[in-house]
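Read the structure below first, then the notes.
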Amino acid sequence: MNQPRDLEIARLLGWYRIPLRSAPKVVAVDYLAFYQTAAFGEERWRIQYVAPVKGHELTTRIELIRDEPDHPHAHQEYYKIQIGPLQPLEKPLLAESWRRITFFYTPASTCFLPVL
């Protein structure tokens, strides 16, 4: 999650966007775990929520975020990942300092442990 607005979109509208140009090869997964960047203030640098994936489709950013028609990426392709309710982790996974987390896969039986 780059911005708190993205978390609200996920929570209220039930979707998350991933730019096609930086998307993982496989987006058909069971769950997403959301890493919160520095933009989240005191709740930064952590995975605090996961959500089940219900489906995905390819669309453009302008179709997803209509109130930003002049955004530089407005006409680029994005995956719209439909998700179920956000599930807070009992104990958030914290990074001791800012870390860049990209996409990685883990068996459903693990605890979404990131490589930091």
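The values are calculated or read from the model by the stated rules, or taken from the named source; none is laboratory data. Source: prediction; values computed, not measured. Note that we place each Cβ from the backbone using ideal geometry, even for glycine, and neighbour counts take in every protein chain shown.
Among the candidates Leu58, Leu32, Leu7, which residue alone is out of contact with any Ser or Thr (no Cβ under 6 Å at 6 or more places or on another chain) and either hydroxyl-bearing (Ser, Thr, Tyr) or modelled with pLDDT under 95 (or both)? Write out each step before concluding.
Values: Leu58 fails: either hydroxyl-bearing (Ser, Thr, Tyr) or modelled with pLDDT under 95 (or both); Leu7 fails: either hydroxyl-bearing (Ser, Thr, Tyr) or modelled with pLDDT under 95 (or both).
Testing whether each residue is out of contact with any Ser or Thr (no Cβ under 6 Å at 6 or more places or on another chain) and either hydroxyl-bearing (Ser, Thr, Tyr) or modelled with pLDDT under 95 (or both) leaves just Leu32.
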Exercise. So which residues in segment 9-33 are under 24 Å from His71 (Cα atoms) and either over 14 Å from the mean Cα position of the chain (by Cα) or part of a helix (DSSP H, G or I) (or both)?
Worked result: Ile9, Ala10, Arg11, Leu12, Leu13, Leu20, Arg21, Ser22
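Matching residues to (1) surrounded by 18 or more Cβ atoms within 10 Å (Cβ to Cβ); (2) outside any strand (DSSP E or B):
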| position | (1), (2) |
| --- | --- |
| Tyr35 | yes, no |
| Ala39 | no, yes |
| Leu58 | no, no |
| Arg66 | no, yes |
| Pro69 | no, yes |
| Ile81 | yes, no |
| Pro88 | no, no |
Exercise. Among the numbered criteria (1) surrounded by 12 or more Cβ atoms within 10 Å (Cβ to Cβ); (2) touching a residue at least 60 places away in the same chain (Cβ under 8 Å); (3) aliphatic (A, V, I, L, M), which single criterion is violated by Ile62?
Worked result: (2)
Exercise. What residue, among those in segment 75-96 that are within 14 Å of Gln36 (Cα to Cα) and in contact with a strand residue (DSSP E or B) (Cβ under 8 Å, 6 or more places away or on another chain), is modelled with the lowest pLDDT?
Worked result: Ala95
